[in-house]
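Chemist: Supplied in structure tokens, the structure appears directly below.
Quick note: the coordinates plus some simple rules give every number you see, no bench work behind them. Remember, it's a predicted structure, so these values are computed and weren't measured experimentally. Positions of Cβ are backbone-derived with ideal geometry, glycine not excepted, and every protein chain shown enters the neighbour counts.
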Amino acid sequence: METLNLGQHISQQFNEELEEVRSKVLQMGGIVEEQLQLAVRALVEGNVDMAADVIHNDYRINALEVDIDEECTRIVAR
């Protein structure tokens, strides 16, 4: 009976961790969508400052990608 409870606990934890990864992926997707819209607008309008802002804010996407990669690696390693 303990093994079953442990299995349910592990499954619950796994599901929670996957949900956290899913949430981060959705967050990253939203940021990418915003950045893409700004990049296209900057290109169409020839707005160099706006383009620079897009480049400057790219770190947010990169940081989330690294965070997601690390979380997935940690989940799989268990």
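Chemist: Wrap a convex hull around the Cα atoms of the chain, take a quarter of its surface area, and give that in square nanometres. It would help to have the intermediate numbers written out before the result.
Modeler: Numbers: hull surface 21.1 nm².
Here the figure is 5.3 nm², rounded to one decimal.
Chemist: While we're here: Subtract the Cα-Cα distance of Val48 and Val32 from 0.36 nm times their separation in residues, and report this length gain in nm to one decimal.
Modeler: 3.9 nm
Chemist: Could you list Leu38, Leu18 in order of exposure, starting from the residue whose Cβ has the fewest other Cβ atoms within 10 Å?
Modeler: The most exposed by this proxy come first: Leu18, Leu38.
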